Amino acid sequence: MAVRRVLIRGLEAGSAYLAYLFRNSGVEVDILTANPSDPLLDVPPFEPLFTLDYIRDVLAVRLVKEPSGSYDAVVDSCDVFGFEEVKKALSTDKPVYVVGDSWLSASLSLYRSLPVPNVDLELPVEATNDFAEVSVRYKPYVGGTHQLCGSFKDAWGGCLYTPMRALERIYAAVDVYASLMGLEAPRRNLRLQYAVGGDKLFVAMGCRPEGKASKINIGDGQVWVYGEEGAPRYVLFQGRPEHGPWVFAMYNLARALNSAFLYDLAPWGRGGFNLGFVGHLFRKR
């Protein structure tokens, strides 16, 4: 059945990108939101993926308070409240902990060259117990045919989680778009976390570190791979922001294939994910 009209409930970066894809495919889109504001990305300086004016005036997406008529699909996302307090923290010189989101807190500190709040996160950077606190509230929508902010299951470790990172919700939006439009997409989820600021990028894939660990140094980046006998459970990457396209491409390939890291090669040699995966995880206990 051709998709002609879609309702998206909630406005954040993932749902905004989904609306963008649908509108560029000629699909009519309504967005129901209790917080009509620019959908921001979650790394400093927290720029919008698209401005609200662009979504409304250029894409011609309707912002509605109530659904009207029938829809071919209803996609549940979430509204985000309180993020302006996170942006205000950029103008201060004190570490800030975003309650319940240690990775976003780390980005805030790295961007301002400050110690990272020492709460539920271990990164090879300076940490501190002296910090202020701010809160961000997410209002998820439920009951639709597809979801961007709901409960996901990590394919490696089996944990249930809510995607906190804007980029994972954007990838989920691509999955939904592909599914509804008859295109191929990864059919599983991997929990994604990242912190970026200054010259540092940290990316984590999976629930938690489990199994044997292998650390690979390659150039100015490091890859830690955890798991056993060809089954990865968790990956931590440390490098520079310019490594991002490679790392996130490997993340999406890993969502599609168990053998993803075997493809981490280039004409000049093997990549860090390949070295960590083959050199360690295929060994027997």
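Would you confirm whether or not segment 202-210 contains a residue that is open to solvent by 10 Å² or more (accessible area, probe 1.4 Å), over 17 Å from the mean Cα position of the chain (by Cα) and in contact (Cβ under 8 Å) with a residue 24 or more places away in the chain?
Yes, some residue in segment 202-210 is open to solvent by 10 Å² or more (accessible area, probe 1.4 Å), over 17 Å from the mean Cα position of the chain (by Cα) and in contact (Cβ under 8 Å) with a residue 24 or more places away in the chain.
Among the residues of segment 15-28, write down those that are surrounded by 23 or more Cβ atoms within 10 Å (Cβ to Cβ) and within 12 Å of Val3 (Cα to Cα).
Correct list: Phe22 only.
Condition check ((1) of a type in the set (Asp, Glu); (2) in contact with a Ser or Thr (Cβ under 6 Å, 6 or more places away or on another chain); (3) farther than 27 Å from Phe277 by Cβ) across all residues:
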residue: Arg137; (1), (2), (3): no, no, yes
residue: Gly143; (1), (2), (3): no, no, yes
residue: Cys149; (1), (2), (3): no, yes, yes
residue: Arg187; (1), (2), (3): no, no, no
residue: Asp199; (1), (2), (3): yes, no, no
residue: Cys207; (1), (2), (3): no, no, no
residue: Val223; (1), (2), (3): no, no, no
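Taking strands (runs of 3 or more DSSP E) that do not extend beyond segment 78-137, which have at least 2 residues that are acidic (Asp, Glu)?
Details: elements: 78-81, 96-98, 132-134.
Per the criteria, no element qualifies.
Could you check Ala213 against (1) modelled with pLDDT of 90 or more; (2) small (Gly, Ala, Ser); (3) in contact with a strand residue (DSSP E or B) (Cβ under 6 Å, 6 or more places away or on another chain) and say which number it fails?
Answer for Ala213: the failing condition is (1).
When you scan segment 160-187, how many residues do you find that are over 14 Å from the mean Cα position of the chain (by Cα), open to solvent by 20 Å² or more (accessible area, probe 1.4 Å) and not small (Gly, Ala, Ser)? So that I can check it myself, show each step before the final result.
Within segment 160-187, the subset over 14 Å from the mean Cα position of the chain (by Cα) is 160, 176-187.
Next, only the ones that are open to solvent by 20 Å² or more (accessible area, probe 1.4 Å) stay: 160, 177, 179-187.
When the remaining residues are screened for being not small (Gly, Ala, Ser), the result is 160, 177, 180-181, 183-184, 186-187.
Final tally of qualifying residues: 8.
Any chance you could count how many residues in segment 72-85 are at pLDDT 95 or above and either of a type in the set (Val, Ile, Thr) or farther than 24 Å from Phe152 by Cα (or both)?
Here the count works out to 3.
Of a type in the set (S, T, N, Q), out of contact with any strand residue (DSSP E or B) (no Cβ under 8 Å at 6 or more places or on another chain) and surrounded by 14 or more Cβ atoms within 10 Å (Cβ to Cβ) - does that describe any residue in segment 97-111? Break it down stepwise before answering.
Step one: list which residues in segment 97-111 are of a type in the set (S, T, N, Q), which gives 102, 105, 107, 109.
Narrowing further to those that are out of contact with any strand residue (DSSP E or B) (no Cβ under 8 Å at 6 or more places or on another chain): none.
Scanning segment 97-111 turns up no residue that is of a type in the set (S, T, N, Q), out of contact with any strand residue (DSSP E or B) (no Cβ under 8 Å at 6 or more places or on another chain) and surrounded by 14 or more Cβ atoms within 10 Å (Cβ to Cβ).
Consider only pairs whose beta carbons are under 6 Å apart and that are at least six residues apart or on different chains; among these, list those whose first residue lies in segment 84-97 and is of a type outside the set (S, T, N, Q) and whose second residue is open to solvent by 80 Å² or more (accessible area, probe 1.4 Å) and modelled with pLDDT of 95 or more.
If the second residue must be open to solvent by 80 Å² or more (accessible area, probe 1.4 Å) and modelled with pLDDT of 95 or more, the pairs left are Tyr97/Glu133.
If a residue has to be open to solvent by less than 60 Å² (accessible area, probe 1.4 Å), within 24 Å of Gly10 (Cβ to Cβ) and of a type in the set (A, V, I, L, M) to count, how many in segment 112-142 make the cut?
Narrowing segment 112-142 to residues open to solvent by less than 60 Å² (accessible area, probe 1.4 Å): 112, 114-117, 119, 121, 123, 125, 127-128, 131-132, 134, 136, 141.
Adding the requirement that they be within 24 Å of Gly10 (Cβ to Cβ) leaves 134, 136, 141.
Now drop any that are not of a type in the set (A, V, I, L, M), which leaves 134, 136.
Total satisfying the criteria: 2.
What number goes with the only condition from (1) surrounded by fewer than 16 Cβ atoms within 10 Å (Cβ to Cβ); (2) within 22 Å of Gly158 (Cα to Cα); (3) without any contact (Cβ under 8 Å) to a residue 60 or more places away in the chain; (4) in contact with a strand residue (DSSP E or B) (Cβ under 7 Å, 6 or more places away or on another chain) that Phe237 does not pass?
(1)
If we keep just the residues of segment 46-65 that are at pLDDT 95 or above and assigned to a loop (DSSP other than H, G, I, E, B), which is farthest from Leu21 (Cα to Cα)?
Among those residues, the one meeting the criterion is Phe46.
With respect to Ser102, determine if the residue is in contact with an Asp or Glu (Cβ under 7 Å, 6 or more places away or on another chain), of a type in the set (S, T, N, Q) and closer than 23 Å to Val225 by Cα. If you could, list the steps in order and put the result at the bottom.
Values: in contact with an Asp or Glu (Cβ under 7 Å, 6 or more places away or on another chain): yes; of a type in the set (S, T, N, Q): yes; closer than 23 Å to Val225 by Cα: yes.
Spelling it out, Ser102 is indeed in contact with an Asp or Glu (Cβ under 7 Å, 6 or more places away or on another chain), of a type in the set (S, T, N, Q) and closer than 23 Å to Val225 by Cα.
The values are calculated or read from the model by the stated rules, or taken from the named source; none is laboratory data. These numbers come from a predicted model, not from an experiment. Neighbour counts are summed over all protein chains in view; Cβ atoms, including those assigned to glycine, are modelled from backbone coordinates with ideal geometry. The accessibility values were calculated without ligands, DNA or RNA, using every heavy atom of the protein model including side chains. Shrake-Rupley method; radii C 1.70, N 1.55, O 1.52, S 1.80 Å.
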